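The values are calculated or read from the model by the stated rules, or taken from the named source; none is laboratory data. Model, not experiment: these values are computed from the prediction. Don't worry about glycine lacking a Cβ; one is built from the backbone with ideal geometry, like all the others, and counts go over all protein chains shown.
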Amino acid sequence: MKVSKLLLSFVLSVSLFTQVLSAQIASTEALLGQSAVSSSKEKLVQIISREDVAKSFQELGVDSKIIEARVASMTDEEASKIAHQIDTLPAGADAGMSVLGTIVFIFLVLLVTDILGVTKVFNFTKSMRN
Amino acid sequence: MISSSGCAPKNPLPLNNNYSSYKIYVPFVTPRSELCASTSIGMVSSYWQTLMPYVPRLSLSELDERTLIPAKGGTLQIELIAAARANGLLAYPIEPTFDALFSELSEHHPVIVLVNRSYSWYPLWHYAPVTGYDAKEQTILMHFGDTPNEAVPIETFAALWERSGNWGVVLLPSGQLPASATAEKFLRTAYDLEKIGMPDEAIIAYKSALSRWSNDIPTLFALGNAYYNSHQITEAEQIYRKILLIDFKHPFALNNLADILCHTNRSDEALKLLDQVVTDNIEIQVLIKNTRKEIHSGCIPFIKK
């Protein structure tokens, strides 16, 4: 909880600071086709997204000391994408399959091929060709 | 296209391509379980370190703790990009094509790709840097696993890469441009640096973009704003004036230049600029109205830094 409070104050201070700085000028955001002036509602949504990401990270076992830095290094769009899709986004993993994974994999393949009648590895399978 | 039946066509490369062989000497790091994203960033970072005065900001173990999600046993693409930026690199996702991949290789930019080593129903996601291509053997060279520059047959590579939607990213030190970049997409990538609090790197990136697309108004405008936001007002003014030389009616440049003029005791000229704005856009009208109001009420001079 401490993390999310810290994060909230950080994001708020950053957004307030930039707002004071460029109260009158047209932002780069505006030219890139996003809304010219981001509303306070949008800002709030973005802050909540970051909180959601921090919470998910905590649940997924990320060290709480580093969560703040990780979330701060994302843009608003990136944070909100993660907040909404963390369960479905692919996560690039290691260079090889685990031993257990390989065994399960081979078992499944042989099970299917057994059922199709192209192998006969297991005694409990009944081929479709029988 | 690769069909879902798993039968890859003989040659997945575009017809009539003239891709030649490339070999990029990317330092190799032995893979560590679950940390292929961090390892890939580490390898590409040390590659740039061998070529130019770029110094990575994070150690390999710092990259590890910024990328791994323990319960997922891997790294999200967004976090690979965010960690690369935190390491002082610009991360540009390439177009999902062999043309884009090979145009980066031809300029000796290693490309980190996401592949699925298995099928979609049992995905085994993996990141690895592509380090070259052997046109004679038709193999992609990459630091895939335990062997440096492992030669992967192009058909196999195409099948694995296709399962990630041909996702790939180039990581470049400030001042370098992706070979395959478009002005607009590069600008968005550079602007991301600014958004996460790396304005100096963003300014360098905008300037290098202008070396290729010298009259690109959005890039000029982003540079002007970055100068403005980092209190380099003289530079910002020059850039806004340059935009007006290309497009004298550009409403945003007129507005921002007027703002600077007002804050530097040139209110008459500022009001004249605002008179040139012609727009149907209500948001821009509000912006101009506010600036005009501010000019009439008197602007506070910029605080000298």
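Inside the range A:47-91, can you point out the residues that are away from every other protein chain (no Cβ under 11 Å) and farther than 30 Å from B:R117 by Cβ?
Within the range A:47-91, A:I47, A:I48, A:S49, A:R50, A:E51, A:D52, A:A54, A:K55, A:S64, A:E68 meet the criteria.
For the structure I just gave you, tell me whether B:N116 is within 14 Å of chain A (Cβ to nearest Cβ), of a type in the set (S, T, N, Q), in contact with an Asp or Glu (Cβ under 9 Å, 6 or more places away or on another chain) and more than 22 Å from B:I196 (Cα to Cα).
For B:N116, the condition - within 14 Å of chain A (Cβ to nearest Cβ), of a type in the set (S, T, N, Q), in contact with an Asp or Glu (Cβ under 9 Å, 6 or more places away or on another chain) and more than 22 Å from B:I196 (Cα to Cα) - is met.
Go through (1) assigned to a helix (DSSP H, G or I); (2) more than 9 Å from chain A (Cβ to nearest Cβ); (3) in contact with a Leu (Cβ under 7 Å, 6 or more places away or on another chain); (4) not charged (D, E, K, R) for B:W48 and report which single condition fails.
(3)
List pairs: first in the range B:215-227 and closer than 13 Å to B:E237 by Cβ and free of Cβ contacts under 8 Å to residues at least 60 places away in the same chain, second acidic (D, E) and part of a helix (DSSP H, G or I), Cβ under 7 Å, 6+ apart or cross-chain?
Listed by first residue and then by second, the contacts come to B:Y227/B:E235.
B:I81: assigned to a strand (DSSP E or B), within 10 Å of chain A (Cβ to nearest Cβ) and either crowded, with 24+ Cβ neighbours inside 10 Å or under 18 Å from the mean Cα position of the chain (by Cα) (or both), yes or no?
no
Write out, first by first residue and then by second, each pair whose Cβ atoms fall under 7 Å of each other, whose residues are 6+ apart or on separate chains, and whose first residue, in the range B:276-303, is at the interface with chain A (Cβ under 10 Å from one of its Cβ atoms) while the second is of a type in the set (V, I, T).
B:E283/A:V37; B:I288/B:V277
What number goes with the only condition from (1) part of a loop (DSSP other than H, G, I, E, B); (2) of a type in the set (G, A, S); (3) more than 17 Å from the chain's Cα centre (by Cα); (4) at pLDDT below 95 that B:A159 does not pass?
Failed condition: (1).
Filter the range B:99-145 for residues that are in contact (Cβ under 8 Å) with a residue 40 or more places away in the chain and charged (D, E, K, R) and give the result.
Listed by number, the residues that qualify are B:D99, B:E104, B:E107, B:R117, B:D134, B:K136.
Applying the selection to the range B:277-305, what residues are modelled with pLDDT of 90 or more, of a type in the set (K, R) and surrounded by fewer than 12 Cβ atoms within 10 Å (Cβ to Cβ)?
B:K289, B:K293
I'd like to know if the range B:161-168 contains one or more residues that are among the basic types (K, R), within 11 Å of another protein chain (Cβ to nearest Cβ) and within 23 Å of A:D76 (Cβ to Cβ).
No, the conditions are met nowhere in the range B:161-168.
Among the candidates B:L15, B:L68, single out the residue that is closer than 25 Å to A:I82 by Cα and of a type outside the set (F, W, Y).
B:L68
If you check B:L124 against the conditions, is it more than 28 Å from B:F186 (Cβ to Cβ), modelled with pLDDT under 95 and among the hydrophobic types (A, V, I, L, M, F, W, C)?
Considered against the rule, which asks whether it is more than 28 Å from B:F186 (Cβ to Cβ), modelled with pLDDT under 95 and among the hydrophobic types (A, V, I, L, M, F, W, C), B:L124 comes out as yes.
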